[in-house]
Amino acid sequence: MVETKIWQVDRTERHLENDPMIIEAAEILRQNDVVAFPTETVYGLGGNAKSDEAIQRIYTAKGRPSDNPLIVHVASKDQVDTICTDITPSARKLMNTFWPGPLTLVLPKRGDVSTRVTAGLSTVAVRMPNDPIARALISVANLPIAAPSANLSGKPSPTLAKHVISDLNGKIAGIIDGGSTGVGVESTVLDCTTTPFTILRPGGVSKEQLIEVVGLVSDDPALTRTDQTPKAPGMKYKHYAPMALMYMVPKGKETIQALVNQDKERGQRVGILTTDENVHSYLNADIVISCGERTQLSTVARRLYQTLREFDDANVDVIYSETFPDEGIGQAIMNRLSKAASGRTIES
Ligand code: TXA
Ligand code: MG
């Protein structure tokens, strides 16, 4: 166990680069130790991307399988050329359009990027986050920062500092508490080494938005078919699983209510994942949690992981979840829900 420092930082503060807490956290990164920090998507656990010692600390703290590569975070577009090579005009166009923001590009790596970061792959994933705290930290540290989501492997990604504390307190040097993250699901991972580019993980930037900038974009076949191996190693793991058995119920309210009635007769503790529109229409469930407004899918994305953690705290045996349209940010929501439910769906 180590003592984990907690720094409260206000992301609206001006001149964050001069904040003594940011300077202290950056100094710890320069010493090849690891700290958690907010990004606009989820909290990340950062370490010096050039240091094998720092990278090892990240894997150890999370209990992360070593074949799962990390995303390198940069504070400016120029920094990308110190990490990647052969950046095509289309990839540049995406950086110019969506950075800083929730888009990760997989590009050919430069020789001096540690193979610990890329898990031996010849490519590296890179993104420039759109959170002033994250960017100040990376620029004060003056290093590319490798950062996976700051959760224990297999837990939902953290969208509040208290989630990081509950998973990693005593295991890492510090946590910058910058409040809740905005997007709530991770960045979109886009492989720019294929023609057309391929979405390996849906996320904060939607397929529709990418198509507007580069024309055609394909999906990794593993996103829809279970007999394919995902090209992003992390996508093959059963992530985001709540402790209860979770089911997606596309048919919605009446079907869910019937299932709840059945389970309650058998003495089970039942949870329902719903939205503001429907939160008052269910009876008999032990806990009904709204994760946002159905007509505003960005609100659902923002609260999704927090909601999954709340079900764990409520100790339910089973969770029934409404489903969402598979478009825009809905693609990322449905991808994460489906993983949380291990694909279990009740059709009728
Ligand atoms: O929003 C995010 O992306 C957050 C914040 C902290 O930036 N980070 C994040 O990192 O979600 P992580 O490690 O939880 O997920 C990274 C994903 C994994 O599925 C990993 O396998 C994939 O990106 N990945 C990393 N490098 C890759 C590469 N060279 N080729 C293919 N997939 C890669
Ligand atoms: Mg993760």
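I'd like the residue in segment 95-119 that is open to solvent by 30 Å² or more (accessible area, probe 1.4 Å) and in contact (Cβ under 8 Å) with a residue 24 or more places away in the chain and, out of all such residues, is farthest from ligand 1 (Cβ to nearest atom).
Among those residues, the one meeting the criterion is T97.
Working only within segment 238-262, note down all residues that are of a type outside the set (G, A, S), closer than 15 Å to A341 by Cα and open to solvent by 20 Å² or more (accessible area, probe 1.4 Å).
Those that are of a type outside the set (G, A, S), closer than 15 Å to A341 by Cα and open to solvent by 20 Å² or more (accessible area, probe 1.4 Å): K238, H239, M243, L245, Y247, P250.
Anything in segment 26-44 that is under 13 Å from R135 (Cβ atoms) and either modelled with pLDDT under 95 or within 16 Å of ligand 1 (Cβ to nearest atom) (or both)? List them, or say none.
F37, P38, T39, E40, G44
Please give the number of the condition I165 fails out of (1) within 26 Å of R30 (Cα to Cα); (2) in contact with a Lys or Arg (Cβ under 9 Å, 6 or more places away or on another chain); (3) of a type in the set (A, V, I, L, M, F, W, C); (4) open to solvent by 10 Å² or more (accessible area, probe 1.4 Å).
Status for I165: all satisfied but (2).
Residue-by-condition table, conditions (1) touching a residue at least 12 places away in the same chain (Cβ under 8 Å); (2) within 14 Å of P242 (Cα to Cα); (3) in a loop (DSSP other than H, G, I, E, B):
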{"site": "Y282", "(1), (2), (3)": "yes, no, yes"}
{"site": "A301", "(1), (2), (3)": "yes, no, no"}
{"site": "V316", "(1), (2), (3)": "yes, yes, yes"}
{"site": "I319", "(1), (2), (3)": "yes, yes, no"}
{"site": "F324", "(1), (2), (3)": "yes, no, yes"}
{"site": "S342", "(1), (2), (3)": "yes, yes, yes"}
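Residue by residue through segment 45-94, note down the ones that are within 22 Å of T195 (Cα to Cα), open to solvent by less than 10 Å² (accessible area, probe 1.4 Å) and either in a helix (DSSP H, G or I) or away from ligand 1 (no atom under 12 Å from the Cβ) (or both).
Result: V80, A91, L94.
List the number of the failed condition for V213; all other conditions in (1) open to solvent by less than 20 Å² (accessible area, probe 1.4 Å); (2) over 24 Å from D33 (Cβ atoms); (3) among the β-branched types (V, I, T); (4) away from ligand 2 (no atom under 12 Å from the Cβ) hold.
V213 satisfies all of (1) open to solvent by less than 20 Å² (accessible area, probe 1.4 Å); (2) over 24 Å from D33 (Cβ atoms); (3) among the β-branched types (V, I, T); (4) away from ligand 2 (no atom under 12 Å from the Cβ) except (1).
Would a scan of segment 138-151 turn up a residue that is within 16 Å of ligand 2 (Cβ to nearest atom), surrounded by fewer than 20 Cβ atoms within 10 Å (Cβ to Cβ), of a type in the set (G, A, S) and in contact (Cβ under 8 Å) with a residue 40 or more places away in the chain?
No - not one qualifying residue is present in segment 138-151.
In segment 263-287, which residues are under 18 Å from A341 (Cβ atoms) and either open to solvent by 30 Å² or more (accessible area, probe 1.4 Å) or modelled with pLDDT under 95 (or both)?
Q268, R269, I287
The values are calculated or read from the model by the stated rules, or taken from the named source; none is laboratory data. Just so it is clear, the model here is predicted, and its values are computed rather than measured. Because the Cβ atoms are built from the backbone with ideal geometry, glycine has one as well, and the counts that use them run over all protein chains shown. Each accessible area value is taken on the protein alone, full model and side chains, heavy atoms only, with ligands, DNA and RNA left out. Shrake-Rupley method; radii C 1.70, N 1.55, O 1.52, S 1.80 Å.
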